[in-house]
Amino acid sequence: MENQYGFNFLRKVWHVLGLIIPVSLYLDIFKGYDGYQYATRLIIVFYLGIFLILLLLMESVRLTVPAFERFFFKYFGFLMKESERNRFNGTVPYFLANLIVVMFFTPEIAVLSILFLVIGDPTAAYIGSRFGRYRFYNGKSREGIIGFFVAAFLIGLIVLTLITFSRPESAFSLQTDGNFQFLPMIFLALGVIASCLTEFFASTTANGLIDDNLLIPIVGALTLTISLFIFTNINLNELIFHPSLLLTKIS
């Protein structure tokens, strides 16, 4: 299921299932649950934290107990790269990235930055593996990079359109007082470009804990945040979510 350039279809499908996180956050599906003001964010953070801890424990056992490593790779190896046999699975930094952006950024920024990874990365891998002709020093292709940008930008445009109708007061709304706004598209393009560059240059370090799965959403979120701060009148405190507010009750 994995070709010479490292495209693993089942692995990418597994990552695309991560859409449940940005969709749940955007729709605020647990709004007001149990009287919490940020109930959806709180629930996502709680379960991501639990899953991340359990995954770290399981991976630590896998990397230290050969028998368990053989068992795990036999039944779940189809979701892994061969190079991950001796380091942490890419799902660990993937969950960590989701946890960080959901904890510290506004819902719009968190959703967009997660989608840059969930949609852009598998598109780049697929197009690069199937149609890549011109390859760079790290094995990545020009066609894959273009695929990443186009896919991430298009999904971003869809999100901006949804925001325009559901949250017209948002800085990402494409329309203000009946006038079309180009600035959100510029913010989006900057975020996608930063994510593309991160995907291209990112390498796997810290025994697998740091890779593009971690860096793409974080760099994308930071780029969107900085862009809004520079080009709008929005206060930085409004762009960064403080985790201490997670337990705030509705007054």
Exercise for the section: Identify, from the list Leu79, Leu96, the residue that is out of contact with any His (no Cβ under 7 Å at 6 or more places or on another chain), open to solvent by 10 Å² or more (accessible area, probe 1.4 Å), modelled with pLDDT of 90 or more and within 30 Å of Leu42 (Cβ to Cβ). Expected result: Leu96
Completion exercise
Checking Thr176, Thr123, Thr164 in turn, the sole residue that is over 22 Å from Ile53 (Cα atoms), β-branched (Val, Ile, Thr) and touching a Gly at 6+ places or on another chain (Cβ under 6 Å) turns out to be Thr123
Exercise for the section: Answer with yes or no whether Thr232 is without any contact (Cβ under 8 Å) to a residue 60 or more places away in the chain, of a type in the set (S, T, N, Q) and open to solvent by less than 70 Å² (accessible area, probe 1.4 Å). Expected result: no
Problem - Qualifying residue in the range 44-66 (condition: in a strand (DSSP E or B), farther than 20 Å from Ala221 by Cα and open to solvent by less than 70 Å² (accessible area, probe 1.4 Å)) - result: no
Completion exercise
When the range 179-220 is checked residue by residue, the ones that are of a type outside the set (Val, Ile, Thr), in contact with a Gly (Cβ under 8 Å, 6 or more places away or on another chain) and in contact (Cβ under 8 Å) with a residue 40 or more places away in the chain are Leu188, Gly191, Ser195, Cys196, Glu199, Gly208, Asp211, Asn213, Gly220
Fill in the blank from the handout: Considering the range 117-151, residues that are within 16 Å of Leu197 (Cβ to Cβ), among the aromatic types (Phe, Trp, Tyr) and at pLDDT below 95, and then whichever is least open to solvent (accessible area, probe 1.4 Å), we arrive at Phe136
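The values are calculated or read from the model by the stated rules, or taken from the named source; none is laboratory data. Predicted model only: the values in this text are computed from it and were never measured. Heads up, the Cβs are rebuilt from the backbone with ideal geometry, glycines too, and the neighbour counts pull from every protein chain shown. Each accessible area value is taken on the protein alone, full model and side chains, heavy atoms only, with ligands, DNA and RNA left out. Shrake-Rupley method; radii C 1.70, N 1.55, O 1.52, S 1.80 Å.
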